[in-house]
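The values are calculated or read from the model by the stated rules, or taken from the named source; none is laboratory data. This structure is a prediction, so every number in the text was calculated from the model and none was measured. All Cβ positions, even for glycine, are placed from backbone atoms using ideal geometry, and neighbour counts span all protein chains on display.
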Amino acid sequence: MNGMPDGARQGSREPSSTRVDSRFQTLIVQPATLCNLDCTYCYLPSRGRQTLMTVKVAQQLALSIEEQASVARVDVVWHGGEPLTTPVDHMRRLLLPFEPLRAAGRVRHFVQTNATLISPAWIEVFAEYSFAVGVSIDGPEAQNAGRVNRSGRPAFAQTMAGIDKLREAGIEFSAICVVTAETIAHADDLLAFFASLGCVTVGFNIEEREGPNTHREQVTPEQAETFWGRLWQLRPRYPGLHIRDLERFGEWLRRARSGISRVASLYDPIPTVSAAGHVVVLSPELLGTVAPAHRNFIVGNVLTESLLSIMNRLPTVGYVAEFERGLQACARTCEFWDFCRGGQASNRFFEHGRFDTTETNYCRTTYQAVVRSALQQIKGGIL
């Protein structure tokens, strides 16, 4: 790997500082397993069945956050399935245990939704509980073709109707766009669409090989580099739109240029809690994955053990230790380490079948390609 700018290797020989934390700053919560859509690239194996989280699970999670006094605030991300398949009244019951923590500034609620089920009642919930709303939409209708309902019909109009409700209510939202091999050449159309959509931020997720999604054509690093390069060129046209992936690199570059060494940080275990209370760590994509050698990645259940107790046992969990070895290897060998910090655990597993490997296609298309494209823009005087 060649061509990193000056300062890029800061921290690339710091394996002893890299380890998985026992504290969590992000908690991903599955209020419902059902998704009303059937996207062509979805990685969720059980999205056709509905199981609702019990209030007892929510109570246990709130208690664990309260007991984790050393973390000032936890981002509680309501994910799915599609979280809005949860009946609104039931969602309110799930939120209630977190209210004292939210009032004290120790919890911030997020929801990631396909927006098709947004209603006036959900708008009230978002406003009352100060939700940060993220909408999953893959661009204009032609590029959104992979998002279909259970009948195989396009979901674009329903998603846009939900977005209209957010805009009418004055609720800010971000967007996540999955970029596939079919849409990677449409950077101009995608960015123009998101600039007109009214979202504050857009993040572009290059399609990944995860869970059941193993059969589709993958984006190549060369395609990704061209895509990111075009986004760098287009960015000045849309100064009001924050592009998550470019801003992440821009912040790192400013630090590198100023000679500020990035402070080595512990890897957030990102506990993900299923509707039934089962806990997986490192990546929400591991939830529901069948892997007998790793007990399906379940490290405990909050109905029988506190989440903090489960987190304290992470050094004894086989796949966590294996992932930590992978992080150590990345820190020793990869010149992109200071920017990437090890990527995502799930990609290692789904691409290689284990966690102690290093480079993945996700690394190449989502981190390395951003860096390489930025280098070309620096040489061209754009950055």
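Can you name every residue in the stretch 234-250 that is farther than 18 Å from PHE339 by Cβ and in a helix (DSSP H, G or I)? LEU234, ARG235, PRO236, ARG237, listed by residue number. For THR40, the test of being surrounded by fewer than 20 Cβ atoms within 10 Å (Cβ to Cβ) and either more than 23 Å from SER119 (Cα to Cα) or in contact (Cβ under 8 Å) with a residue 24 or more places away in the chain (or both) is passed.
Scanning the stretch 319-354 for residues that are without any contact (Cβ under 8 Å) to a residue 40 or more places away in the chain, within 20 Å of ASP268 (Cα to Cα) and assigned to a loop (DSSP other than H, G, I, E, B), we see that the one that is farthest from the chain's Cα centre (by Cα) is ARG354.
Table: residues versus (1) closer than 30 Å to GLU217 by Cα; (2) of a type outside the set (D, E, K, R).
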{"residue": "ASN114", "(1), (2)": "yes, yes"}
{"residue": "PRO120", "(1), (2)": "no, yes"}
{"residue": "GLU124", "(1), (2)": "no, no"}
{"residue": "ARG153", "(1), (2)": "yes, no"}
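Within the stretch 20-45, can you find the residues that are within 27 Å of PRO269 (Cβ to Cβ) and at pLDDT below 80?
Here is the first cut: in the stretch 20-45, the ones within 27 Å of PRO269 (Cβ to Cβ) are 20-35, 41-45.
Scanning the stretch 20-45 gives TYR41, CYS42, TYR43, LEU44, PRO45.
Which one is surrounded by the most Cβ atoms within 10 Å (Cβ to Cβ) among residues in the stretch 358-383 that are of a type in the set (A, V, I, L, M) and either modelled with pLDDT of 90 or more or under 23 Å from the mean Cα position of the chain (by Cα) (or both)? The extreme case among them is VAL370. Each residue in the stretch 355-381 was checked for being part of a loop (DSSP other than H, G, I, E, B) and within 19 Å of ILE270 (Cβ to Cβ), and 3 of them qualify.
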